[in-house]
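Okay, so here's the structure we're looking at.
The values are calculated or read from the model by the stated rules, or taken from the named source; none is laboratory data. Remember, predicted model here, so these are calculated numbers, not experimental data. Cβ sites come from the backbone with ideal geometry, for glycine too, and all protein chains shown count toward neighbours.
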Amino acid sequence: MWRRVGQMLDFNGTLTAAQRGDEEAFARLWREFHPGLLRYLRIKAAPVAEDLAADIWVRVLRALPGFVGDESGFRGWLYTTARNRLTDWYRSGERRTEVIEHSSLVLLASVNDVEAEAAEHSSTDEAVALIGELPPDQAEAVMLRIVVGMDVARVADIMGRTPGSVRVLCHRGLRRLEQRLLQLQVGSAVADDAPAAVTRGNSATVPEREGQRLHA
């Protein structure tokens with residue numbers, strides 16, 4: 001249904017280069033982490049997800065030289081930055097985001113095969129759509145723990161909750177998803193049976209209609 005985020009090729013080297021101002025290195029970071037970030041924002045603030053994501057990356061870019069940590073730490077830092085930005089947006093009722101001016105962001109368009117990338121992420125996007133139907137806290141916990149692939153302790157830190165409460169949220173959210181998937185499977189089975197039922201119904205009523213027409 002979805003895949004967890006794998007480790008990035010030569011993360012440390014890419015990070016170091018980006019911190020020194022290498023634009024292509026920063027673009028590689030963006031291509032690696034942006035899809036997951038955007039999915040997260042879509043379950044939290046769908047109408048403005050792309051605008052908020054752009055603003056978050058500007059903040060990351062500015063603070064990047066001071067970051068110290070590995071790939072897991074970077075992911076946690078990125079999502080903490082995102083959650084703080086979301087909190088500011090909710091509180092202020094803000095509808096505008098900062099204009100992106102840094103030249104590094106010109107390189108952010110992916111050079112990958114668009115069709116291949118779309119195929120790779122399509123099942124994950126479908127799963128995220130279902131996660132978006134969950135209660136907000138459950139959706140966020142499942143998104144960070146299962147889709148993004150963070151450990152419970154880091155998710156708890158980002159959400160400002162205890163590890164135990166994160167586990168409960170994930171458990172309840174996954175149970176809801178399971179029930180929802182069963183509903184969809186049942187609905188799909190009924191839809192598949194409908195044409196056959198209509199065909200059977202039509203074939204049974206044709207002689208009756210013909211008889212009525214002959215006796216009219």
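Within the set T205, T124, the sole residue that is within 22 Å of L37 (Cα to Cα), modelled with pLDDT under 85 and β-branched (V, I, T) turns out to be T124.
Remark: pairs (first residue in the range 155-172, in a helix (DSSP H, G or I); second residue modelled with pLDDT of 95 or more and surrounded by fewer than 16 Cβ atoms within 10 Å (Cβ to Cβ); Cβ separation under 7 Å; 6+ apart in sequence or on different chains) = A156/T162; A156/P163; I158/T80; P163/A153. May I ask you to say which residue of L38, L52 is surrounded by 22 or more Cβ atoms within 10 Å (Cβ to Cβ) and part of a helix (DSSP H, G or I)? Only one candidate qualifies: L52.
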